[in-house]
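Enquirer: Here you go, one structure.
The values are calculated or read from the model by the stated rules, or taken from the named source; none is laboratory data. All values reported here derive from a predicted model rather than from experimental measurement. Positions of Cβ are backbone-derived with ideal geometry, glycine not excepted, and every protein chain shown enters the neighbour counts. Side chains are part of the model used for accessible areas, which takes the heavy atoms of the whole protein and leaves out ligands, DNA and RNA. Shrake-Rupley method; radii C 1.70, N 1.55, O 1.52, S 1.80 Å.
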Amino acid sequence: MESNIFTSLILPIALGTMMLGMGLSLVPEDFQRVGKYPKAVGIGLISQLLVLPLIGLAIAKLVPMEPAIATGLMILALCPGGVSSNLVTFLAMGDVALSVTLTALSSLITVFTIPIFANLASQHFFGQGAVVELPIGTTIGQIFAITFLPIIIGMSIRQFVPKLSTKIEKVTSISATVLLAVIILLLIIKEWSRLPNFIVQVGIGVLLLNTLSMAAGFYLSKLFNLNYKQQICISIEVGMQNGTLAIAITAGLLNNPDMAVPGAIYSLLMYLTGCMAIVYGRNLSASRV
């Protein structure tokens with residue numbers, strides 16, 4: 001997918017719209033939970049920002065992959081939780097407030113970590129001679145502009161114009177979903193001839209990333225005696241990444257459609273495992289009543 005109107009304009013708009021919708025659901029108190037529930041927030045962030053990339057690296061090393069696919073998988077693992085994780089956490093009867101807090105905080109932190117570690121991953125899998133690099137300063141600015149800036153705008157609208165916030169929130173989720181579906185469809189059409197080979201590599205890789213990260217988040221939070229709602233939340237938050245951001249970085253900033261394939265396949269697959277998480281979470285909640 002060459003750099004064109006879809007990767008340079010439509011994709012950032014889709015991502016920005018999703019993040020705006022997240023901002024419309026946030027209030028300043030969401031960030032105050034760091035002090036109120038430091039253990040839960042700390043374990044969630046460690047699982048998201050450290051354990052998940054390590055799982056991604058292990059998968060990329062063990063499953064045979066082309067360098068572009070392996071790098072794309074690592075960039076996906078470096079991304080924060082997506083807006084979908086908040087919805088799935090709600091449906092699974094997990095701790096929604098914690099989910100929103102973790103998504104917002106990880107979205108802010110990964111603005112700075114993604115460019116650095118994405119370049120390290122690229123150097124590792126491509127080698128120094130054929131490295132595909134993200135300019136760190138520029139990339140931080142671009143990721144901030146399409147992720148955290150819309151969150152700030154959404155929060156400001158909710159704070160100062162609450163009636164407008166309610167109206168906009170209904171539109172953002174639908175429009176963002178449609179735009180993302182168009183981008184994924186175009187990416188699949190572009191890579192159609194190579195898709196069977198990619199699916200063998202990517203399908204196994206993203207399924208392992210999705211399921212192992214969910215399991216790691218769940219059992220790590222269980223190990224530290226968090227309550228079951230927090231366990232459900234962290235499992236989903238770590239297991240459902242912002243695939244749209246991964247596509248924006250790989251197809252848009254890096255202009256590499258091969259790297260974007262893991263994000264595209266993951267964005268579809270995570271809803272299947274998300275449904276499984278909902279069933280498990282609701283059954284777990286029912287057993288605690």
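Enquirer: For Kirkwood radius over Cα pairs in Å, one of (i) 23.8; (ii) 19.8; (iii) 18.8 was computed from the structure I shared and the rest are decoys. Which label?
Expert: Recomputing Kirkwood radius over Cα pairs in Å here gives the entry labelled (iii).
Enquirer: Just to confirm, what accessible area per residue do you get for the chain at 1.4 Å probe, in whole Å²?
Expert: So the chain comes to 44 Å² accessible per residue, rounded to a whole number.
Enquirer: Now, a different point. Under a Cβ-only charge scheme (Lys and Arg +1, Asp and Glu -1), can you give me the dipole magnitude of the chain about the Cα centre, in debye to the nearest 20?
Expert: It comes to approximately 780 debye.
Enquirer: Further question: With unit charges on the beta carbons (Lys and Arg positive, Asp and Glu negative) and the dipole taken about the Cα centre of the chain, which residue among I152, G72, P162 sits farthest to the positive side?
Expert: So the residue we want is P162.
Enquirer: Still on this structure: Pulled fully out, how much extra length does the chain show between K222 and I116, if you take 0.36 nm times their separation in residues and subtract their Cα-Cα distance?
Expert: 35.1 nm
Enquirer: Leaving ligands, DNA and RNA out of it, report the carbon-plus-sulfur percent of the accessible area of the chain at a 1.4 Å probe.
Expert: 72
Enquirer: Counting only pairs 8 or more residues apart or on different chains, how many lysine pairs in the chain have their Cα atoms under 27 Å apart?
Expert: Close lysine pairs found across the chain: 6.
Enquirer: Hey, another quick one. Hey, what number do you get for the chain at 222 nm if only DSSP H runs of n ≥ 4 count, each worth -39500 (n - 2.57), divided across all residues, to the nearest 500?
Expert: The helix-only estimate for the chain comes to -25500 deg cm²/dmol at 222 nm.
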